[in-house]
Amino acid sequence: MKLLVIGGGGREHAVIRKLRENKNVGTVYCAPGNGGIAEIAQCVPIKATEIDKIVAFAKENKVDLVVVTPDDPLVAGMVDALEAEGIRAFGPRKNAAIIEGSKAFSKNLMKKYHIPTAAYEVFDNAEKAIEYIKSQNTYPTVIKADGLALGKGVIIAESFEQAEDAVNSIMKDKIFGASGGKVVVEEFMRGREISVLAFCDGKTVVPMVSAQDHKRVFDGDKGPNTGGMGAYSPSPIYDDAMAKECMEKIFRPTMEAMNSEGRPFKGVIYFGLMATESGVRVVEYNARFGDPETQAVLPRLKTDLLDIFNAVIDERLDEMNIEWRDEAAACVIMASGGYPGKYPTGLAITGIEDAEKDENVFVYHAGTKNEKELCVTSGGRVLGVTAMDETLDKAIYRAYKAVKKIHFNGAHYRTDIGKDSNK
C-alpha cells in the first residue's frame, strides 16, 4: 500500500512509525515531513494546507490512503476534497472538524446536548465581552479565541486588567489573526486535567489509553502556553469508574450530538477533560491526534494502526478489538531556547542515535531538517523524547536519561514532566 501522511511534526513521526509496522505498507509519503520523518518516509515539499496540491499529488502517485493529521487542513476540508476525487482518506470531514475549528460551536453543542463543561458566553464584540467579565467579577477567568491558534489561543486572566487586555489583544490587536473574530469567556475550572483520544467512526467510539500533557513552557506550570512541553500515559486518576462516567456522559453523547447535527464524526477525536469535584467536564475538543499526547499514547498501541484507520473509514470499528501495552510512557519535549517566542534555527543536533540505543526510547522529530550530513533545528518544538517502562516513574526516569544524551545550543525542556502524577 502507498500511504500519504499530512503534516510535519512529532505527531506525524509517531503515526508513520506505527503505520510502518504493517507489512502491507510500501511507500510512505509525508507532506511536508521533517528531518526525522525523512529517514522512514519520502518527504514531499507541499505544505499541509495546500489542499489542491495534496489532491493532485495523491492522484498522480496513486496513493491508496491519505492520513490527514493536522487541524488546519481538516478544518479547511481536505478530507472532503480528497473523497470528491475518489481518494481514500482518514480524518473528519469539514463539517465535523468544526468541533475544533470553532470553540463557540463546540460550547454551544455541549450546552444543547447537556454534555458537562464550564459555564461560558460567546461574544463578537470586545466591549460587550469586557462588560460581561466585569459583571461576573470572578477570577481567574478563561478567554479563548474562537478559531484555531496553534494550540495557544487560550488566556487565563488572574484579574480584570488581565482579562480586559486579553480580550483587546485577541479581538482588536488580532494576536491570533482571524481566529479572534469571536471570543469565548469561560468559567475557570479547578481539578486535574486528563486527555483521552478516541477512534470514532460515527457509530462507535473507542477511547485510547488516557494521557496528560503539560502546556506551560516552564516548570511548575509557569510561563506562557505552548503547543505542549511533554506528556505521559496513563493518567493516574483515570480509573475504570471515571472511564465509565466519561463514556456515558461525554464520549458517546458527543458522537450522538454530532450525528444529530448532521455532522457525523469519523477519525480521531480528542477529549480534553477536567476532573472536578462535581464530576468530569470537557475543557475542549480537538478533531485529530493531540501533540504531544500521541507520542506517549501510540507507542503503547498493540493493535495495527492501519487496520484501525480502515475500520474507521469503513464504519466497522465495532468489529475491532483494540489492545494496549501495560507499560507506561513519558514524552519530554526538547524545544528551542526562546520558544514559544522568537527562537534561532539551524542549530546542529547531536546525540539522537546514542539516546535511541535504548530500545525502549523513541526520539520523535518535530522541528528538524537535514542539511548536508547534519540534523539541525527548524522549529520551536524540536524533539519529543519518549520512553516506556513498567511504571510511570521508571518511564520518566528513562526519558530524562535519554534527553541528557541529546544536545543543541539553547535546548530548553521542562524537568518536571509527570511529576504532578504523584499528587
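The values are calculated or read from the model by the stated rules, or taken from the named source; none is laboratory data. Given the structure is predicted, the values throughout are model-derived calculations rather than measurements. No Cβ is skipped: glycine too gets one built from the backbone with ideal geometry, and neighbour counts run over all protein chains shown. For the accessible areas, the whole protein counts, side chains as well, though only heavy atoms, and no ligand, DNA or RNA atoms are used. Shrake-Rupley method; radii C 1.70, N 1.55, O 1.52, S 1.80 Å.
Here the range 69-156 is assigned +1 on the Cβ of each Lys and Arg and -1 on the Cβ of each Asp and Glu. Its dipole about the Cα centre then comes out at about 320 debye. Ordered by 1.4 Å accessible area with all protein chains kept, Met258, Met320 run largest first as Met320, Met258. Compared with the alpha-carbon gap, the fully stretched path from Asn168 to Ala84 is longer by 26.2 nm at 0.36 nm per residue.
Solvent-accessible surface (1.4 Å probe) assigned to Lys94 amounts to roughly 110 Å².
What is the range 43-126's relative contact order, in percent, from Cα pairs under 8 angstrom and six or more apart in sequence?
So the answer I get is 22 percent.
Computed with every protein chain present, the accessible area of Tyr285 is close to 10 Å² [probe 1.4 Å].
Placing unit charges on the Cβ atoms of the charged side chains and taking the dipole of the range 358-413 about its Cα centre, the candidate lying farthest along the positive direction among Ala399, Gly379, Phe362 is Gly379.
Inter-part distance, the range 195-218 to the range 66-136, computed on C-alpha centroids, equals 16 Å. Once the 1.4 Å probe is applied to the protein heavy atoms, the chain comes out at 42 Å² accessible per residue. Positive end of the dipole of the range 13-170 (Cβ unit charges, origin at the Cα centre): among Ala41, Ile99, Ser169, the Cα lying farthest that way belongs to Ala41. Taking the centroid of alpha carbons for each part, the range 1-55 and the range 355-418 are 20 Å apart.
Per-residue surface analysis assigns Asp64 an accessible area of about 70 Å², computed on protein heavy atoms at 1.4 Å probe radius. Stokes-Einstein diffusion for the range 1-159 at 37 °C, viscosity 0.692 mPa s, with a Kirkwood radius from C-alpha pairs, works out to 184 µm²/s.
Three principal axis extents of the chain based on alpha-carbon atoms, in descending order, are 59, 47, 43 Å. Report, to the nearest whole %, how much of the accessible area of the chain belongs to carbon and sulfur atoms, 1.4 Å probe, protein only. About 47 percent, which is the carbon plus sulfur part of the accessible surface. Shape analysis of the range 286-376 based on the Cα gyration tensor places the equivalent ellipsoid semi-axes at 32, 17, 13 Å, largest first. Distance check, please: which entries in Lys111/Lys134; Lys128/Lys172; Lys94/Lys266; Lys2/Lys59; Lys215/Lys419; Lys53/Lys372 exceed 19 angstrom between their Cα atoms? As for pairs spanning more than 19 Å Cα to Cα, those are Lys111/Lys134; Lys53/Lys372.
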